[in-house]
Amino acid sequence: MKWVALVTWVLTAGGGFAMLGLWLKHGGMQQSDMPGDRIRSARILSHFALAATGLVLWIIYVASDSSALAWIAFALLAVVALLGFSMLAVWLRQRSRSPALAGAGGASVSGVGDTSAAEQHFPPAIVGLHGLLAAVTLVLVLLVAAGVGS
C-alpha cells in the first residue's frame with residue numbers, strides 16, 4: 001500500500017506542477033498583491049513546497065520503513081490538503097462570479113477583476129483529478145502510517 005500511496009502522490013504532484021506552471025505563466029506572481037479574491041503567492045508556494053517536502057519524506061519512508069517519517073509525511077500532507085482546499089474555494093468563488101469562464105477553459109473575458117486571475121487558466125479536469133488523487137493519497141498515507149495492511 002505504501003507503493004500505491006507513492007504512485008498517487010507522484011501523480012498528484014504532476015497535476016499540481018502543471019497548475020503551478022499555468023499560474024506562473026499567466027502572471028500569478030504579479031497578480032498576487034492585486035486586490036480581490038485571488039490565490040496569493042504565499043499560499044500556492046507554501047502548498048507546493050510542503051507537498052514536495054512531504055513527497056521526499058515519503059520516498060525516504062518507503063526506502064527506510066521508519067514509522068516516524070510516515071507520520072511526519074502525513075502531518076505535512078494534512079496541512080497541504082488544508083491549503084489546497086482553501087485555494088479550491090478561491091477558484092470556485094471566482095468561477096461562480098464569472099459564468100463565461102465555466103465553458104471557456106478559464107480564458108480572460110475582460111482583463112478586469114477576478115476573471116483575469118491566473119488561476120482561472122486551470123483546466124477543471126486537472127483541478128478535479130488533482131483533488132481526487134490528493135484525497136486518495138491522504139487516506140492511503142494515513143492507513144500506511146497507522147499500520148493498516150502491513
**Accessible area per residue, Å², the chain with all protein chains present, probe 1.4 Å** = 51
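How large a share of the accessible area of the chain, in percent, is made up of carbon and sulfur atoms when the probe is 1.4 Å and the other protein chains stay in place?
Carbon and sulfur together cover 75 percent of it.
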**Message:** I want to check the label-to-label distance for Ala68 and Leu92. Put each point 7 Å from Cα in the C-beta direction and report it in nm to one decimal.
**Reply:** 3.9
**Item:** Total charge dipole magnitude, the chain, about the Cα centre, Cβ charges on Lys, Arg, Asp, Glu only, Debye to nearest 20
**Value:** 180
**Prompt:** Can you give the FRET efficiency for Ala146 and Phe85, using 1/(1 + (r/R0)^6), R0 = 35 Å, r = Cβ-Cβ distance, to the nearest 0.05?
**Reply:** 0.95
**Request:** Give me the distance in nm between label points sitting 7 Å out from Cα along the Cα-to-Cβ direction at Ala135 and Thr53, one decimal.
**Result:** 2.7
**Asked** Put +1 on the Cβ of every Lys and Arg and -1 on every Asp and Glu Cβ in the chain; which of Thr53, Pro35, Ser66 then has its Cα farthest towards the positive end of the dipole?
**Response** Pro35
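The values are calculated or read from the model by the stated rules, or taken from the named source; none is laboratory data. Because the structure is predicted, anything quoted here is derived from the model rather than measured. A quick note on method: Cβ atoms are made from the backbone with ideal geometry, for glycine too, and the neighbour counts reach across all protein chains shown. The accessibility values were calculated without ligands, DNA or RNA, using every heavy atom of the protein model including side chains. Shrake-Rupley method; radii C 1.70, N 1.55, O 1.52, S 1.80 Å.
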